[in-house]
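Visitor: Got a structure for you, questions after.
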Amino acid sequence: MTRQHLFSIVFFALLGLLLYQMGLVLQPFVFPALWAVLLAHGTFPLHRRLSKLLQGNETLSAAVLTMGALGMVVVPLALMGVLLVREAGVAEEVIRAWVEGGGLQRLPEQVATVPIIGGWLRTALAGIDLQRVSLEQSVVAGVTTVSQFLVGRMGDLLKNAVLLVTDFFIMLLVLFFLYRDGRTWFSSWYQLIPMDESHKQKIMARLDQTIRAVVKGILVTAIVQGGLAGLAYLALGVPFPVVLTALTILLAPIPFGGTALVWGPVGLYLLWIGEAGKALMMLAWGVGVVSMVDHVLRPWLIGQDVQIPVLLLVLSVLGGLALYGVLGIFVGPVLVSLLMTAVQIYREEYQAVEAGTPPPPASS
């Protein structure tokens with residue numbers, strides 16, 4: 001073994017150890033950083049245009065876009081909080097008026113009109129002496145139960161809230177530096193890849209195409225689902241249809257629950273106020289139309305752009321969700337797309353060489 005070989009072995013062993021240790025150090029920040037990469041990738045053209053308007057000041061452009069990302073999250077949450085507080089007061093008054101107006105006594109007859117389960121609900125309520133039900137006692141008992149639950153879970157709730165806020169601000173920090181220094185970082189990383197230039201270009205192009213297709217598929221599907229749900233809210237006379245439509249669009253990308261987190265409670269609300277027919281229509285529309293759009297339209301949109309078989313795309317999304325959480329919506333299709341590109345490069349280069357056919361010339 002020559003001195004050069006020994007030096008190479010020691011150097012790459014040390015490099016591998018350093019990379020492993022850095023991976024352990026940065027592991028808690030991987031998911032916030034990946035979300036920042038996705039945001040930066042989708043909005044980088046806006047950053048370039050804004051930098052030109054600001055006479056090439058990329059730092060100021062990065063700061064403006066990062067604060068914009070912060071505002072797009074904080075402002076809707078604040079408005080939603082104000083709306084919920086206001087509506088909670090209105091709901092309390094409506095419920096109290098309903099109880100004082102004899103709503104509890106009329107409840108068995110109202111639930112009896114519910115198809116299929118109406119008889120069972122009426123039988124269950126028949127065993128309760130509604131005349132003796134005290135609203136104050138019920139409220140006190142409910143508040144006691146909720147408070148006991150919150151006290152028991154307060155440590156976990158605070159821990160999760162702190163982690164969520166921390167991850168969000170780490171994402172914003174990474175996003176700022178990606179805007180400001182992202183092109184330099186990418187150029188340095190790109191030059192380190194030990195592959196032919198044509199292969200690197202092919203992989204980068206496929207990666208860009210896949211990310212854009214997934215983002216477009218998620219956004220278009222969310223808007224379509226929100227629009228379909230909004231039509232139902234308007235047709236059924238549900239209060240605040242615009243707010244509910246916006247909330248449906250916002251929650252549509254969530255894998256488990258999604259739009260059902262909005263139209264489900266709306267259906268229960270309609271059932272509670274005695275509109276059993278409208279409630280069934282809302283639930284049927286939500287299950288049969290709104291939710292089915294997510295299973296059909298999103299895979300079709302993504303598959304059309306990246307040329308991935310629909311079955312493989314659906315399995316990659318489900319597997320990505322199981323392995324990486326919400327981020328798996330992006331990671332699964334990206335991995336499949338890169339694998340398909342690697343297989344294509346293997347066919348063009350190595351199988352062609354083994355068969356005696358010269359590979360296609362590398363593009364400059």
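The values are calculated or read from the model by the stated rules, or taken from the named source; none is laboratory data. Note that the structure is a prediction, hence the values are computed from the model and not measured. All Cβ positions, glycine included, derive from the backbone under ideal geometry; neighbour counts span all protein chains shown. When the accessible area is computed, the model is the full protein with side chains, heavy atoms only, and any ligands, DNA or RNA have been set aside. Shrake-Rupley method; radii C 1.70, N 1.55, O 1.52, S 1.80 Å.
Visitor: Ignoring ligands and nucleic acids, what accessible area does Thr43 show with a 1.4 Å probe (Å², nearest 10)?
Guide: 50
Visitor: Sort out for me the Cα centre separation of the range 1-38 from the range 191-261, rounded to whole Å.
Guide: Going from one Cα centre to the other spans 34 Å.
Visitor: Could you tell me whether the range 150-250 comes out rounded, prolate or oblate from its Cα gyration tensor? Rule is a ≥ b ≥ c as square roots of the eigenvalues, rounded for a/c under 1.5, then prolate if a/b exceeds b/c, otherwise oblate.
Guide: Taking the square roots of the gyration eigenvalues as a ≥ b ≥ c, the range 150-250 is oblate.
Visitor: Now for a different question. Taking 0.36 nm per residue of separation and subtracting the Cα-Cα distance, what length does fully extending Tyr20 through Asp208 add?
Guide: Full-extension gain reported as 65.0 nm.
Visitor: So, one more: Ignoring everything but the protein chains, give the 1.4 Å probe accessible area of Ile9 in square angstrom, nearest 10.
Guide: 100
Visitor: Same structure again: Going by average Cβ density within 10 Å per residue, which order do the peptides 326-337, 24-35, 159-170 take, highest to lowest?
Guide: Going from most to least packed, we get 326-337, 24-35, 159-170.
Visitor: How far apart, in nm, are the 7 Å Cα→Cβ label points at Gln4 and Leu231?
Guide: 7.1
Visitor: Let me ask something else. Provide, for q = 0.11 Å⁻¹, the log10 of I(q)/I(0) from a solvent-free Debye sum over equal Cα point scatterers in the range 195-358.
Guide: Scattering profile of the range 195-358, log10 relative to I(0): -0.55.
Visitor: Of the accessible area of the range 239-319, with the probe set at 1.4 angstrom, what percent is carbon plus sulfur?
Guide: 79
Visitor: Same structure, new question: Identify all lysines with a Cα-Cα distance to Lys216 below 30 Å; exclude those on the same chain that are fewer than 8 residues away in sequence.
Guide: Correct list for Lys216: Lys52, Lys200, Lys202.
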